[in-house]
There are 2 protein chains.
Amino acid sequence: MSQGEKMSPRISTELLRQLRQAMRNSKYITEPIQAYIVPSGDAHQSEYIAPCDCRREFICGFNGSAGTAIVTEQHAAMWTDGRYFLQAGNQMDSNWTVMKMGLKETPSQEDWLISVLPDGSRVGVDPWIIAADQWKIMSKALTRAGHSLVPIKDNLIDAIWVDRPARPVSPLITLALNYTGMSWQDKITALRAKMSERKITWFVVTALDEIAWLFNLRGSDIEYNPVFFAYAVVGKSSIRLFIDHRRIADLAVRDHLQLDTPGKAELSVQIFAYESIFPELQALCASLGHKEKVWISDKASWALTDVIPKTHRSPIPYTPLCLAKAVKNETEIKGMKMAHIKDAVALCELFVWLEKEIPKGTVTEISAADKAEELRSQQKDFVGLSFPTISSVGPNAAIIHYKPLPETNRTLSLNEVYLIDSGAQFKDGTTDVTRTMHFGTPSAYEKECFTYVLKGHIAVSAAVFPNGTRGHLLDSFARSALWESGLDYLHGTGHGVGCFLNVHEGPCGISYKTFADEPLEAGMIVSDEPGYYEDGSFGLRIENVVLVVPAKPKYNYRNRGSLTFDPITLVPIQLKMINVDMLTQKERDWLNEYHRMCREVVGAELERQGRKEALDWLFRETQPIA
Amino acid sequence: MSQGEKMSPRISTELLRQLRQAMRNSKYITEPIQAYIVPSGDAHQSEYIAPCDCRREFICGFNGSAGTAIVTEQHAAMWTDGRYFLQAGNQMDSNWTVMKMGLKETPSQEDWLISVLPDGSRVGVDPWIIAADQWKIMSKALTRAGHSLVPIKDNLIDAIWVDRPARPVSPLITLALNYTGMSWQDKITALRAKMSERKITWFVVTALDEIAWLFNLRGSDIEYNPVFFAYAVVGKSSIRLFIDHRRIADLAVRDHLQLDTPGKAELSVQIFAYESIFPELQALCASLGHKEKVWISDKASWALTDVIPKTHRSPIPYTPLCLAKAVKNETEIKGMKMAHIKDAVALCELFVWLEKEIPKGTVTEISAADKAEELRSQQKDFVGLSFPTISSVGPNAAIIHYKPLPETNRTLSLNEVYLIDSGAQFKDGTTDVTRTMHFGTPSAYEKECFTYVLKGHIAVSAAVFPNGTRGHLLDSFARSALWESGLDYLHGTGHGVGCFLNVHEGPCGISYKTFADEPLEAGMIVSDEPGYYEDGSFGLRIENVVLVVPAKPKYNYRNRGSLTFDPITLVPIQLKMINVDMLTQKERDWLNEYHRMCREVVGAELERQGRKEALDWLFRETQPIA
């Protein structure tokens, strides 16, 4: 994601020759393999990855966020989804075939392999970058068809990747209690309580955001994601952190982790080299007692999963850290709110600037995105962006995952709708907000569609629902108004948001696509972002980050209690885009109350920061509607 | 379900002694088993079962619709869900433990077995009455723990059940084209087209309603369900029907199946004995070619599933017959509509009668249910009820699966709400309708709750949604108004309904509990039945059967097309129960239009049948609201 969409295809003939040679090279493998799978993830199954882990891009040229390449002696094919069919075709040369997932005629990776491989073939994959659940599906299918899936310890792409970047060792940031609300020692203690409740001896932590959250540390190894490469193994009376030793040379970090002044033995952190997770886990498993159990995410790498003997392994879909991290404590909620207020200040300034500059014809999608970043960076505790800014005008905004590039860059005008989906990492919180604005006069049809989207946004934001409700059950509320007019959008409605962590995090969300999401709980934070996209013409989306809070309706059936959402994002929703006649009284009341909050809360901060012009703009944009 | 809830526990000591003896008896088993599982289903995984298949009830006394009994040398335990905790406790003696499913502390059957069994135990089950997917889960868990799940060919309950009823061989009804809209020959041809599309050689049909639908035959082997015991195996050029030979002695049946005048070879039906399915399938599988595949439902019995070698077996969650049967053709839709008009006639008559009789204090839940049955039976093509009538007053109506029994029977009065959920089998269609009425003056709170339920009912019935939407995505629409006030109901919103077939059928429905339901399609028929239940006080439910029809909204996003529902049930919704102030204009319009349809369509039929009093009642009850 970090490198933009290059539009000329990578020449892959020589690379493929080298890879096929490696597939037969006894230096790496005991017996030749007939196919090699290159997944897109890293060893921690991160959504965003560091340059050193962009192996699939290296071999085929395609740099979208999702895709798996498979190379056999004769073929080279790459599976990706509908967002990327065009881009993949542009970025790969004719050695490669785009396998269009979701189309009826496209075979699965397993079926394709079975159809092209000679009998009894060996299919190789790096067990560190394939998730355990994926490994199992692939292995089962291949075995059934008389082939086998074999783990290749040395990564064959790394073997041929001459100028492969080094794994980052960015400096660590320590977060004190005023940012985290809970010391890492208390988090360990809470985790151990969960472990002993479920009779678990060890927990192998592999997700980077879980490790960062657990130790109240942040890094910048992966762009937009304040995480660092590490593993952790937590036992009943020991804590092992696997991390490059250069990162803990810093005195602040040593102090934070109490490395030099160990207190209680069970709360002292033992440091191991990042790479030694494998032998250490092996040794630890060798000494496991009869009924001892080890927790590991079912999405952890097959390499680490396989180290734990089956009888001791207890794979879980959502780890207790994932669940604990999702429910924000008071300090985190305060931080997230503050971060969004600062974010709102930057966006108010941006919109003031755009109003002045657009008529001059000099603002482009890229310069607007740059201006937004500049304005955000003026705010306290700014660290960086939380994802690549989607800054898009007219037809470009109909491309849901659009990022402006020099060759697609459009100029903002008074005639087209502008959509900006952007966010930042602040030390106190992570932001994510989408606003859709017209700086001239929107058409009646644009307003009509925008108003459907607004009705959907409000339907979710104002929904009251019982404790224990899963987010996917709210997804249709966001679509109801669009559906009634025959419209829809082809993405989910919301995702969990981390606190100075990944902008996408589990285990909750609001999407028709999932079913295994965990129930919403007070303190969870998700986005609410319905949209509408008219291909070749315009794109609309309204996104707030919202906090799950207890609701107090009239009754309380079976004492279950109720929940609703409080908006954390406080940026005006452009009135000019709304067809007020289409709103019910309840929807008007919601909008007026929302704008009152924006005016009050963000207004106070604009005033404090002496941003007079933006304050005037805010007042103008938050006038109540009748 | 057919035998009511007996309230005194079965004395099981002697039965358990005999069963435990059988578990060691070499007459039935080669090696003793340490536990025996008694599931509640029959060999076709039917929801309702015949008396000869009520084995779980026989051994433990509990006769609810869901429950699994397990007997070990020391223990006897029975797993059931929240609907039945009380009933199970009342019906079983102290030899048994009720295992309350859904409670945190209740172990799964596997976990419980593992905790009580000695090392290396053998757990037996009749492979005919355990579904393949269940077998796999249980077998895997036991094997992992060092035990094994073994199929016991002779059913051990049957072995000790002295006066076990015979398997029914009710006469068959043949349905002509004017009822089915499609000949069985055309259904076979359509099925074969699906089979050849997916390269399937054989399809083993095990679900009783699929066999009945395929051959346009009905029976009455299971109360309320017009099905008959049979299996079918369809190949590219042969059709095998496994059925008791006495049933095809009837000339009308022989003629219908063209047994004596075979036409084309590939459309001639070969008759085999019901029991010979096993050896015949075995023989057929022995002659399968290298890549030949056999379809079987993944919910078919383990016995039949296991006969098909793994390499040839292709288990499917929803068979093509299940899918084809769910989408009703024009004749079936016409029949379902006619059945519901006749049903409405009977219910209008019932309500007229209740208005007159209740003040006398002589009407009970049971006599009201009997009257409803009597009135339905006066209608053309009436065959029987489609499920046991739920006729319930006041607090009894808060018990969702209530059936009146002499010991619980309440008298209807002017002071309590009355809920009747009932339906019938007519030769042209199956009905299912719930109305909640007050014959005096409902309280403000009862009206408030009823109006929430009505809002939910309308929200589903009037919903417009894209083609391809799964029913579970509509479930929250039914709850939104209740949720807003802190209320809810703990059952799904709707189920598929057969056409002169089972009143519950897959693969579609409207429930938060499912995720794997098939997308809704025009021609499918489901129920829309939100409710609200106040324990110890009252129960409310409004149920219509509705038809999925194309909708024509303003726009047509990506040419996907839209769907909505047309009510098929046409019985007035009592205005007295509604707080009109709580309804939006759209909801009022929906209700007025619905009542206009009731008046017009059912009114015409009442007139035709000369039912003057009911016609007056209908006119009074369908006056438009302001």
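Considering only residues in region B:534-555 that are among the charged types (D, E, K, R) and assigned to a strand (DSSP E or B), the one that is surrounded by the fewest Cβ atoms within 10 Å (Cβ to Cβ) turns out to be B:GLU534.
Within region B:283-294, residues that are closer than 9 Å to B:THR311 by Cα sit with their Cβ atoms under 7 Å from residues that are part of a loop (DSSP other than H, G, I, E, B) and open to solvent by less than 90 Å² (accessible area, probe 1.4 Å), at 6+ positions apart or across chains, in these pairs: B:GLU292/B:THR201; B:GLU292/B:HIS312; B:LYS293/B:ILE200; B:LYS293/B:THR201; B:LYS293/B:HIS312. Residues considered: B:LEU191, B:LEU214. Of these, the only one that is touching a residue at least 60 places away in the same chain (Cβ under 8 Å), under 15 Å from B:GLY498 (Cβ atoms), touching a strand residue (DSSP E or B) at 6+ places or on another chain (Cβ under 8 Å) and part of a helix (DSSP H, G or I) is B:LEU214.
Filtered by the rule that a residue be within 14 Å of chain A (Cβ to nearest Cβ) and buried (at least 17 other Cβ atoms within 10 Å of the Cβ), region B:556-578 gives B:TYR557, B:SER562, B:LEU563, B:THR564, B:PHE565. Residues that are open to solvent by 30 Å² or more (accessible area, probe 1.4 Å), touching a strand residue (DSSP E or B) at 6+ places or on another chain (Cβ under 8 Å) and part of a strand (DSSP E or B) occur at least once in region A:10-33. Residue pairs whose Cβ atoms lie under 7 Å apart, separated by 6 or more positions or on different chains, with the first residue in region A:512-524 and facing chain B (nearest Cβ under 9 Å) and the second assigned to a loop (DSSP other than H, G, I, E, B) and of a type in the set (A, V, I, L, M, F, W, C), are A:PHE515/B:PHE515. Of the residues in region B:430-441, not one is at the interface with another protein chain (Cβ under 8 Å from one of its Cβ atoms), of a type outside the set (Val, Ile, Thr), under 24 Å from B:GLN574 (Cβ atoms) and more than 23 Å from the chain's Cα centre (by Cα). Across region B:427-448, the number of residues qualifying as part of a loop (DSSP other than H, G, I, E, B) and of a type in the set (D, E, K, R) comes to 3.
Every residue, every condition in (1) aromatic (Phe, Trp, Tyr); (2) more than 16 Å from A:LEU191 (Cβ to Cβ); (3) free of Cβ contacts under 8 Å to residues at least 40 places away in the same chain, yes or no:
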| position | (1), (2), (3) |
| --- | --- |
| A:PHE228 | yes, yes, no |
| A:ARG240 | no, no, no |
| A:LEU251 | no, yes, yes |
| A:GLN258 | no, yes, yes |
| A:PRO309 | no, yes, yes |
| A:TYR318 | yes, no, no |
| A:LEU323 | no, no, no |
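Regarding region B:387-410, can at least one residue be identified that is closer than 25 Å to A:ARG558 by Cβ, small (Gly, Ala, Ser) and within 13 Å of chain A (Cβ to nearest Cβ)? Within region B:387-410, one or more residues are closer than 25 Å to A:ARG558 by Cβ, small (Gly, Ala, Ser) and within 13 Å of chain A (Cβ to nearest Cβ). Residues satisfying the criterion are present in region A:86-108 (criterion: under 16 Å from A:PRO9 (Cα atoms) and touching an Asp or Glu at 6+ places or on another chain (Cβ under 6 Å)). Within region A:72-102, being of a type outside the set (Val, Ile, Thr), assigned to a strand (DSSP E or B) and closer than 17 Å to A:ILE37 by Cβ holds for A:ALA76, A:ALA77, A:MET78, A:TRP79, A:MET92, A:MET99. Applying the condition of being open to solvent by less than 10 Å² (accessible area, probe 1.4 Å), in contact with a helix residue (DSSP H, G or I) (Cβ under 8 Å, 6 or more places away or on another chain) and assigned to a helix (DSSP H, G or I) to region B:459-482 and asking which residue is nearest to A:LYS586 (Cα to Cα) yields B:LEU482.
Which of the residues belonging to region B:494-511 are among the aliphatic types (A, V, I, L, M) and within 14 Å of chain A (Cβ to nearest Cβ)? B:ILE510, the sole residue that qualifies. Of the numbered conditions (1) among the charged types (D, E, K, R); (2) in contact with a Lys or Arg (Cβ under 9 Å, 6 or more places away or on another chain); (3) without any contact (Cβ under 8 Å) to a residue 60 or more places away in the chain, A:GLU416 fails exactly one; give the number of that condition. Among (1) among the charged types (D, E, K, R); (2) in contact with a Lys or Arg (Cβ under 9 Å, 6 or more places away or on another chain); (3) without any contact (Cβ under 8 Å) to a residue 60 or more places away in the chain, the lone unmet condition for A:GLU416 is (3). The residue that is farthest from the other protein chains (Cβ to nearest Cβ), among those in region A:442-457 that are touching a residue at least 60 places away in the same chain (Cβ under 8 Å) and open to solvent by 10 Å² or more (accessible area, probe 1.4 Å), is A:PRO442.
Take A:LEU501 and tell me if it is open to solvent by less than 10 Å² (accessible area, probe 1.4 Å), more than 16 Å from A:SER461 (Cβ to Cβ) and aliphatic (A, V, I, L, M). Considered against the rule, which asks whether it is open to solvent by less than 10 Å² (accessible area, probe 1.4 Å), more than 16 Å from A:SER461 (Cβ to Cβ) and aliphatic (A, V, I, L, M), A:LEU501 comes out as yes.
Among residues of region A:92-134 being among the hydroxyl-bearing types (Ser, Thr, Tyr) and closer than 15 Å to A:GLN74 by Cα, the one that is surrounded by the most Cβ atoms within 10 Å (Cβ to Cβ) is A:SER121. Scanning region B:458-493 for residues that are polar (S, T, N, Q), under 24 Å from the mean Cα position of the chain (by Cα) and either farther than 20 Å from A:LEU490 by Cα or at the interface with another protein chain (Cβ under 7 Å from one of its Cβ atoms) (or both) yields B:SER461, B:SER476, B:THR493. Per the listing A:ILE137, A:ILE188, A:ILE173, the residue uniquely open to solvent by less than 20 Å² (accessible area, probe 1.4 Å) and either at pLDDT below 95 or not aromatic (Phe, Trp, Tyr) (or both) is A:ILE188.
Go through region B:583-623 and report how many residues are buried (at least 16 other Cβ atoms within 10 Å of the Cβ) and assigned to a helix (DSSP H, G or I). Looking only at that region, the number is 17.
Checked against the criterion of being open to solvent by 30 Å² or more (accessible area, probe 1.4 Å) and farther than 20 Å from B:ALA273 by Cα, the candidates B:ALA166, B:ALA193 yield just one match: B:ALA193. Based on this model, can you work out whether A:GLU543 counts as within 14 Å of chain B (Cβ to nearest Cβ) and farther than 24 Å from B:ALA478 by Cα? Against the criterion (within 14 Å of chain B (Cβ to nearest Cβ) and farther than 24 Å from B:ALA478 by Cα), A:GLU543 does not qualify.
For region B:160-185, the set of residues classified as of a type outside the set (S, T, N, Q) and part of a helix (DSSP H, G or I) consists of B:ILE160, B:LEU177, B:TYR179, B:TRP184, listed by residue number.
The set of residues in region B:221-274 being among the hydrophobic types (A, V, I, L, M, F, W, C), open to solvent by 50 Å² or more (accessible area, probe 1.4 Å) and touching a Ser or Thr at 6+ places or on another chain (Cβ under 8 Å) consists of B:ALA252, B:ALA265.
The values are calculated or read from the model by the stated rules, or taken from the named source; none is laboratory data. In this text, all values refer to a predicted model and were calculated from it rather than measured experimentally. Cβ: placed from backbone, ideal geometry, glycine included. Neighbour counts: every protein chain shown. Note: areas computed on protein heavy atoms with side chains; ligands, DNA, RNA excluded. Shrake-Rupley method; radii C 1.70, N 1.55, O 1.52, S 1.80 Å.
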